[in-house]
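The values are calculated or read from the model by the stated rules, or taken from the named source; none is laboratory data. On a predicted model such as this, the values are computed, not experimentally measured, just so you know. Note that we place each Cβ from the backbone using ideal geometry, even for glycine, and neighbour counts take in every protein chain shown.
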Amino acid sequence: MDYITNTLGNLLHQTAFFNLTWGNYLMIAIACAFLYLAIKHGFEPLLLVPIAFGMLLVNIYPDIMMTVEESNNGVGGLLHYFFLLDEWAILPSLIFMGVGAMTDFGPLIANPKSFLLGAAAQFGIFAAYLGAMAMDSLTKRLQPSLLSVVQTDRLLFSSQENCSRRQFLDQSR
């Protein structure tokens, strides 16, 4: 029995319950409100349940966000690996496939005109993706010229500061 209480005590000390701030309590309360709204009232449960669950995990067990470099044993937290999946563009594809698999086509079959609304939404997503890719490409091409503008600006301001400092020192003598 002593082993069980010792193990549960260690588990409790590893969570954030002893180091929670008012911000953690606030976020846990908001997460519980999201869960209540999603489960009891059915307000967008596909969005609110995962968001609330993530909020609870991060606020109750902060080591879940630890990177490999921050850990002692060379293993990152669970959300670090989710971040890697997102960084490798695997997770968004899986999410969209999952949401697409859960789509109910009953309203579409009952009202075929709504197909145009769905097609417009898909076109908007596609256009936003292409626009983001174009802006990223443009930013990478303009980066050397932007860097020279920033360096010139820094030189200008540093020379103005030096002049004003000299004037101040000359006036104070």
- Query: Residue check: is Leu26 surrounded by 11 or more Cβ atoms within 10 Å (Cβ to Cβ), in a loop (DSSP other than H, G, I, E, B), among the aliphatic types (A, V, I, L, M) and under 24 Å from the mean Cα position of the chain (by Cα)?
  - Reply: no
So, first residue under 17 Å from Glu44 (Cα atoms) and assigned by TED's automatic domain parsing to the domain that holds Ile125 in the stretch 96-113, second residue among the polar types (S, T, N, Q) and in a loop (DSSP other than H, G, I, E, B), Cβ within less than 7 Å, six or more apart or across chains; the pairs are none
Selection over the stretch 44-72 where residues are over 21 Å from Leu12 (Cβ atoms) and either within 14 Å of the chain's Cα centre (by Cα) or loosely packed, with under 13 Cβ neighbours inside 10 Å (or both) yields a count of 10
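How many of the residues making up the stretch 9-47 are among the charged types (D, E, K, R) and out of contact with any helix residue (DSSP H, G or I) (no Cβ under 8 Å at 6 or more places or on another chain)?
1
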